[in-house]
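The block underneath contains the structure these notes are about, expressed in structure tokens.
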Amino acid sequence: MKNNIHILSNRLPYNVQKTENDFELIPSVGGLATGMKSIYTKYEGKWIGWPGLSTDQMDDTDQARVDKVLEKAGCVPVHLSEKEIEAYYEGFSNKTIWPLFHYFNEFVDYTHENWEAYVAVNQKFADVALQVLKPGDAIWVHDYQLLLVPQMIKSKMPEVNIGFFLHIPFPSFEVFRILPWRNELIEGMLGADLLGFHTYDYERHFFSSVRRLKGLEINFNQIHTKDRIIMADAFPMGIDYEKFELASQKVRHKLNSEKSELQIELEKYFLLSPNRKLILSIDRMDYTKGIPNRLRAFASFLEKYPQYRGLVTLVMLAVPSRGKVDQYQLLKKQVDELVGQINGKFGQVNYSPIWYFYRSMPFENLIELYSYSDVALITPVRDGMNLVAKEYVASRVNQNGVIILSEMAGVSKEMGEALIINPNNLNEIADAIHHAIAMPVNEQQQRMDVLQKRLKRYDVFKWAGEFINGLEKVRSIQHQFNAKKITSSLQQTLVQQYQNASKRAIFLDYDGTLAEFHHDPNAASPETEVLEIVQKLIEDQRNEVTIISGRDRETLQKWFKGYHLNFIVEHGVWTKVKGGEWKMLYQINADWKDFIRPTLETFVDRTPGSFIEEKNFSLVWHYRKSEPEQGIVRANELKDELTNLIANHNLEIMEGNKVIEVKSGGINKGAAAIRFIGEEQYDFIFAIGDDWTDEYMFRELPQDAVTVKVGLVNTAARYKVESVSAARALLKAMANS
Ligand code: GDG
């Protein structure tokens, strides 16, 4: 059976329209629809989404008909009621997530019922997807309306490969944390195997929230959860370049009789004077697009450079959007007023400074606007990407034209050749308009040439293809990491090996292996479950059970008082064979501590939340409680400084889980475990541990030893388990066998 790739988004790529006695589908022309169609048709998947008609607008017969026409087009509908759309889409999606993710904190609505509807509708989408999906399939989920869907699918069908793409910005943690439902949203997204963003900045903001809210480790662009690797990456969305290029080539060669009214008007405009210029502005009427500031900046331009009055016109197409939301109604009013004021102030008999269209236009008109405008003025205050900028570039077949572009739009990262402005700096925008109009044609063409080559290469098909490659890549990385994972059948084999053995050495690391990490290392005393496992293991006469840890003698002895155990502590400095006395295996001194301690103290002062633990033969700097990113930066700095300091001393730096430890050289758990085994003949050697210090054991124990890493990261161990609870389950299975 073939593995399919399905698409899931809020809207299906069609508008459903009622005809006299049936329904018909009108295809959407958007870039996403085009890009995704190439994918779901190639991989024979389905497109799952809301068809655009509410269940209140259809009776059962209508619904059955709609389902049927959609089925023919490869679509599976998620039917929603008027009420659901209002609370989930207009409510939580557009009044909560949209403003917050675009840094409009003051517009964020915190209605709890909308959140509940968001959860319920996301579940509806996930349930429909679960009906469609087969094991081995992949699904690509789109955008902020569906942030919870990945986890909802993953929890039911972990074997499905899930991609998620966010079309809007992911905000800085300081903004994201404002949301009461921040944890749920992050968990929802972490159900995906691959997360795509338009830019690296959004990706790094996302990582920052993942670190801070979930405490997960992130290596390069891989997030390590307890049971799998998740990847995130920047995939800047492209456009259907050829479509815009071809359409604008045609515009130029039209006969008069074929020209639209708009095209005729545009041509007339330039006839009045060869010095006339047209500036273009196109967006949805949305407060994120910076329309009022754009108008104000245009007025400043006419004020500052009066020689252009009568010669430069701004054509502004604002497409109606989300008209039911208060802020959008206010914005519309504000824009209407500003246009009126500017036209009133600078207008002449033959000249209107702004041509304002509040409606949407057919594609042909859009191309005419792109083709006839000398400058594209794109000034959003926040914008995930902004495809208008790319479409303008693709439409400039003569390679002239200049783009003025806000640095707050994701697309600015790919368009260094545009004139980049800060959308709040009206003076800068006014000067940029002047710069653009005065720019020599050969310079315009040089800039345009670079932009066109880049956008042509990375078009929407390439973008979609790269994302699918990413999904395949993450699957193979997950396989590699899972290769050593102990499955239930492997566990049975290991337990069998254990049963068959007559003399066993068992080395158990403590923190991160038997016990979860605690913020306070002194509060990590063993839970009953751990004590029971240890008890069970030591009851068997064939077992030599050793706790092997970096901790000090006193703590472990106290915690396991009365248990007939061996101890190797402080990474092997001290050993205690059961019933015997503590012995120091090495004659080592700790004079060096006075010379290292001041450096660690400086780092404690500079890194709030970090502290020093002093052991007999080592000093440890802990940063588990500090700000995660700062902790990592400081840890790297500290390693650097220590490396210089310890040169010519017999000392070692070890990096554990959120700790940097300096200790006397030549001592490690591997050497200690080997020494413990000595001449004894064991027919089953088992060692389990979670961090870097345990890797010494994994490397030095005999090859046939059963070595187990806790955590799905690279390791020298033969096997891996994903978590402390899985480690305990394995030990329990052996102990109870
Ligand atoms: C979101 C993110 C991100 C506009 N007016 C008409 C019309 N359009 C088309 C344009 C363009 C699209 O609409 C607008 O796309 P943008 O990218 O500029 O903005 P959003 O709608 O806010 O989209 C954005 C995007 O998702 C993709 O990930 O770039 O940052 O906010 O394609 O051509 N098309 C027609 N008539 C119009 O009047 N036919």
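The values are calculated or read from the model by the stated rules, or taken from the named source; none is laboratory data. All of these numbers come straight from a predicted model, not from anything done at the bench. All Cβ positions, even for glycine, are placed from backbone atoms using ideal geometry, and neighbour counts span all protein chains on display.
Say whether the condition of being in a loop (DSSP other than H, G, I, E, B), in contact with a Pro (Cβ under 7 Å, 6 or more places away or on another chain), over 26 Å from residue 588 (Cα atoms) and in the same structural domain as residue 671 (by TED's automatic domain parsing) is met by at least one residue in segment 499-518.
yes
Among what's in segment 142-194 and is modelled with pLDDT of 95 or more, farther than 22 Å from residue 104 by Cβ and of a type in the set (Asp, Glu), pick the residue that is nearest to the ligand (Cβ to nearest atom).
It comes out as 193.
Can you tell me how many residues within segment 119-152 are buried (at least 21 other Cβ atoms within 10 Å of the Cβ), under 20 Å from residue 464 (Cβ atoms) and among the hydrophobic types (A, V, I, L, M, F, W, C)?
So the count comes out to 8.
Filter segment 549-587 for residues that are among the small types (Gly, Ala, Ser) and loosely packed, with under 12 Cβ neighbours inside 10 Å and give the result.
First pass over segment 549-587, keeping only residues among the small types (Gly, Ala, Ser): 549-550, 562, 572, 579-580.
562, 579, 580 - these are the residues of segment 549-587 that are among the small types (Gly, Ala, Ser) and loosely packed, with under 12 Cβ neighbours inside 10 Å.
Looking at (1) within 29 Å of residue 247 (Cβ to Cβ); (2) in contact (Cβ under 8 Å) with a residue 40 or more places away in the chain; (3) assigned to a helix (DSSP H, G or I), which is the one condition that is false for residue 95?
Tallying (1) within 29 Å of residue 247 (Cβ to Cβ); (2) in contact (Cβ under 8 Å) with a residue 40 or more places away in the chain; (3) assigned to a helix (DSSP H, G or I), residue 95 fails exactly one: (1).
Let's see how each residue does on (1) assigned by TED's automatic domain parsing to the domain that holds residue 289; (2) buried (at least 18 other Cβ atoms within 10 Å of the Cβ); (3) more than 18 Å from residue 245 (Cβ to Cβ); (4) away from the ligand (no atom under 16 Å from the Cβ):
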residue	(1), (2), (3), (4)
407	yes, no, yes, no
412	yes, yes, yes, no
438	yes, no, yes, yes
443	yes, no, yes, yes
446	yes, no, yes, yes
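For segment 348-363, which positions are in contact (Cβ under 8 Å) with a residue 24 or more places away in the chain, more than 9 Å from the ligand (Cβ to nearest atom) and not polar (S, T, N, Q)?
Those that are in contact (Cβ under 8 Å) with a residue 24 or more places away in the chain, more than 9 Å from the ligand (Cβ to nearest atom) and not polar (S, T, N, Q): 351, 353, 354, 355, 356, 358.
Tell me whether segment 18-33 contains one or more residues that are surrounded by 14 or more Cβ atoms within 10 Å (Cβ to Cβ) and touching a His at 6+ places or on another chain (Cβ under 6 Å).
no
Kindly evaluate residue 674 against the criterion of being under 29 Å from residue 585 (Cα atoms), of a type in the set (Val, Ile, Thr) and assigned to a helix (DSSP H, G or I).
For residue 674, the condition - under 29 Å from residue 585 (Cα atoms), of a type in the set (Val, Ile, Thr) and assigned to a helix (DSSP H, G or I) - is met.
Quick one: which residue in 257, 248 is among the hydroxyl-bearing types (Ser, Thr, Tyr), surrounded by fewer than 16 Cβ atoms within 10 Å (Cβ to Cβ) and not in a strand (DSSP E or B)?
Answer to the selection: 257.
Report the residue count in segment 364-384 for those that are within 26 Å of residue 249 (Cβ to Cβ) and either in a strand (DSSP E or B) or within 15 Å of the ligand (Cβ to nearest atom) (or both).
So the count comes out to 13.
Within segment 53-99, which residues are within 20 Å of residue 121 (Cα to Cα) and of a type in the set (Ser, Thr, Tyr)?
54, 55, 81, 88, 89, 93, 96
For residue 551, which of the numbered conditions (1) over 43 Å from the mean Cα position of the chain (by Cα); (2) modelled with pLDDT under 95; (3) among the basic types (Lys, Arg) fails to hold?
(1)
Scan segment 387-402 residue by residue and report those that are within 13 Å of the ligand (Cβ to nearest atom) and either under 26 Å from residue 442 (Cβ atoms) or without any contact (Cβ under 8 Å) to a residue 60 or more places away in the chain (or both).
388, 389, 390, 391, 392, 393, 394, 395
Of the residues 244, 207, only one is within 16 Å of the ligand (Cβ to nearest atom) and among the aromatic types (Phe, Trp, Tyr); which? I'd like the intermediate steps shown before the answer.
Details: 207 fails: within 16 Å of the ligand (Cβ to nearest atom).
Just one listed residue meets the conditions, 244.
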